[in-house]
Amino acid sequence: MNINIRGSLFDLSVPRVMGVLNITPDSFYDGSRVNSEKEILGRASKMLESGADMLDIGGYSSRPGAEDTTEKEEIERISRALKLLRKEFPSAILSLDTFRSSIAEIGIEHFGVDIINDISGGNLDNKMFDVIEKHKVPYILMHMKGTPQNMHVNPVYDDLMAEILKWFSEKKHALVIRGIKDIIIDPGFGFGKTVKHNFILLNKLERFSVLGLPVLAGLSRKSMIWKTLEISPSESLNGTVVLNTVALMKGVAILRVHDVAEAVQAIKLVKRLREG
């Protein structure tokens, strides 16, 4: 469970924490939005000090039903943020959350982005795999049914787990035959799944181990929490910690979160539990 970052092996045998930085005006959780230079640097600093192993920067809102963001807008958002972060935190591991191959290339070539996090698994831009093959950076392959604009409209599966596992298996094969080895899979909680689908995924999360790849879980403040508890995203920290703990017990390698300190604590406690 290692991935290659800047020529060095990055150990995923102990779970890691990815802090979320949304450079957008309309992400589903308003507490994750940062836009001014002060906000970006302040949030990043706090996350890194709290124990984040990497930061995930996104300039495209992928909340259900979000309006499409133009390529120009996305480039402007992420370029400003990445320039700031690279200058202030040169050794930080930076992940770029984008499904556009052109933006992935800009992030890698101009700002030394270490990881590409693609919510579409290459489905929304067929040149994405070319960019990953060219630059040999770790790739987060996420499953999404539909697009951010329509994924919430009655997603239907004949067999949820079988279909998603088959999709990952086919995508893994397509990447491996290109010589791409550093692959992380993300089941895509909330992306083209109902609340019921999300809980089935979490309940059977250990089944993804058959793919032989590290798994990332993005459960933080998702609707499966606040719809079930009949609260708001801003009230969903406790529920997030509970579900992150379940995911850790089922073997996930990375927690993608808005609240880093609490995720770090969950990892420490689960680790201690396993030590007996």
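Couplings 3J(HN,Hα) for the stretch 42-51, derived from phi with the Karplus relation 6.51 cos²θ - 1.76 cosθ + 1.60 (θ = phi - 60°), are x, 5, 4, 4, 4, 5, 5, 5, 7, x Hz, where x marks Gly and Pro. Under 5 Å from the amide H of ARG16 lie the amide H atoms of ILE254, LEU255, each residue being 5 or more positions distant or on a separate chain, with H modelled from the backbone and absent for Pro and chain starts.
Using a cut-off of 11 Å between beta-carbons, work out the net charge of the residues near ILE254 (Lys and Arg +1, Asp and Glu -1, ILE254 not included).
Details: positive: ARG16, ARG256; negative: ASP53, ASP56, ASP186.
It works out to a net charge of -1.
If I take every Cα pair under 8 Å that is 6 or more residues apart in the chain, average their sequence separation and divide by the length, what percent do I get for the relative contact order? All intermediate terms of the calculation are to be shown ahead of the outcome.
Numbers: 494 pairs, mean separation 54.7, N = 276.
Relative contact order of the chain: 20 percent.
Compactness of the stretch 1-149 is given as radius of gyration and Dmax, 14.5, 39 Å, from Cα positions. Seen from a random direction on average, the alpha-carbon convex hull of the stretch 63-194 projects onto 8.1 square nanometres. Here the dipole of the stretch 204-276 is about 260 debye; that uses its Cα centre as origin and unit charges on the Cβ of Lys and Arg (positive) and Asp and Glu (negative).
For the cross-link pairs LYS166/LYS193; LYS171/LYS193; LYS38/LYS87; LYS145/LYS172; LYS171/LYS268, which exceed 22 Å when the distance is taken from alpha carbon to alpha carbon?
Details: LYS166/LYS193 16 Å; LYS171/LYS193 19 Å; LYS38/LYS87 14 Å; LYS145/LYS172 17 Å; LYS171/LYS268 33 Å.
Listed pairs above 22 Å: LYS171/LYS268.
When LEU82, LEU124 are sorted by how many other C-beta atoms sit within 10 angstrom of their C-beta, beginning with the fewest, the order is LEU124, LEU82.
If you wrap the Cα atoms of the chain in a convex hull and average its projected area over all directions, you get 13.4 nm². When both the stretch 72-120 and the stretch 187-207 are represented by their alpha-carbon centers, they are found 28 Å apart. Backbone amide hydrogens, once placed in the peptide plane, bring GLY121 within less than 5 Å of MET142, excluding anything fewer than 5 places away on its chain.
Modelled label positions at GLU37 and LYS134, each set 7 Å beyond Cα in the direction of Cβ, lie 3.1 nm from each other. Distance distribution note for the stretch 176-276: the fraction of Cα pairs above 19 angstrom is 45%.
Here, each number is a calculation from the coordinates, and none is a lab measurement. Here the structure is a predicted model, which means the values were calculated and not measured. Glycine also receives a Cβ, built like all others from the backbone with ideal geometry; neighbour counts cover every protein chain displayed.
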